[in-house]
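The values are calculated or read from the model by the stated rules, or taken from the named source; none is laboratory data. This one's a predicted model, so the numbers in the text were calculated from it and none came from an experiment. Because the Cβ atoms are built from the backbone with ideal geometry, glycine has one as well, and the counts that use them run over all protein chains shown. Areas reflect the complete protein model, heavy atoms only, side chains present, ligands, DNA and RNA absent. Shrake-Rupley method; radii C 1.70, N 1.55, O 1.52, S 1.80 Å.
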Amino acid sequence: SNTTAGSFLQFSAPGVANVRIGNPNADALAFYTFGSGAYPERMRIDSAGRVTMPYQPAFFASCWASGRSNGASGVVVYGNVVTNIGGHYNASNGRFTAPIAGTYTFSASVLNQVAGSNQIRFYKNGSVTSAGTYMNAYDETATALATLTLSAGDYVNAYTPGIHYESEYGDFVGHLIG
């Protein structure tokens, strides 16, 4: 929003992004950058020290009725998108693409509903980067958690190397830490 109430310090120069730092009310310090004719709030620190960043890349997707079942090994596509701040998760190919360089955290799971063992892994740019727990029996869940350093344009998928899995009850979550 284009806030004018409160006290603000503004930095601007030709060819440089305009930035405002201000106190929109007595309980917060807010940071704004100029774009599309307005100064949308990018970050806020409240009087208790809590930081909110409404444009921080994050996603949550699940496989409710969209997952592959009893399929061959491969990328698990989590097609039911619940949250996708910035639109960086692609529900058609199961990829999260990093919009900027930074450290990201990811979690993924699949539920095994057939006999046989399986595992969930994270692939970065098509190569395995970390592996999670193994599941060896019916109704066991495999999970993986990873913190990865990504460059802008790198992508991450959840992958299962086994041939027996049911991903109807899994989810894939990720967000930028910093």
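Structure values in brief
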read-out	value
Flag for residue 97 being β-branched (Val, Ile, Thr), out of contact with any Ser or Thr (no Cβ under 7 Å at 6 or more places or on another chain) and either more than 19 Å from residue 144 (Cα to Cα) or in contact (Cβ under 8 Å) with a residue 12 or more places away in the chain (or both)	yes
Top-ranked residue in the range 17-28 [being modelled with pLDDT under 80 and assigned to a strand (DSSP E or B); ranked as farthest from residue 7 (Cα to Cα)]	17
Filter result for residue 31 (of a type in the set (Phe, Trp, Tyr) and at pLDDT below 70)	no
Filter result (modelled with pLDDT of 80 or more and open to solvent by 60 Å² or more (accessible area, probe 1.4 Å)) within the range 110-119	none
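Matching residues to (1) among the polar types (S, T, N, Q); (2) farther than 27 Å from residue 51 by Cα; (3) in a strand (DSSP E or B); (4) modelled with pLDDT of 85 or more:
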residue: 78; (1), (2), (3), (4): no, yes, no, yes
residue: 121; (1), (2), (3), (4): no, yes, yes, yes
residue: 133; (1), (2), (3), (4): yes, yes, yes, no
residue: 153; (1), (2), (3), (4): no, no, no, yes
residue: 156; (1), (2), (3), (4): no, no, yes, yes
residue: 162; (1), (2), (3), (4): no, yes, no, no
residue: 168; (1), (2), (3), (4): no, yes, no, no
residue: 175; (1), (2), (3), (4): no, no, yes, yes
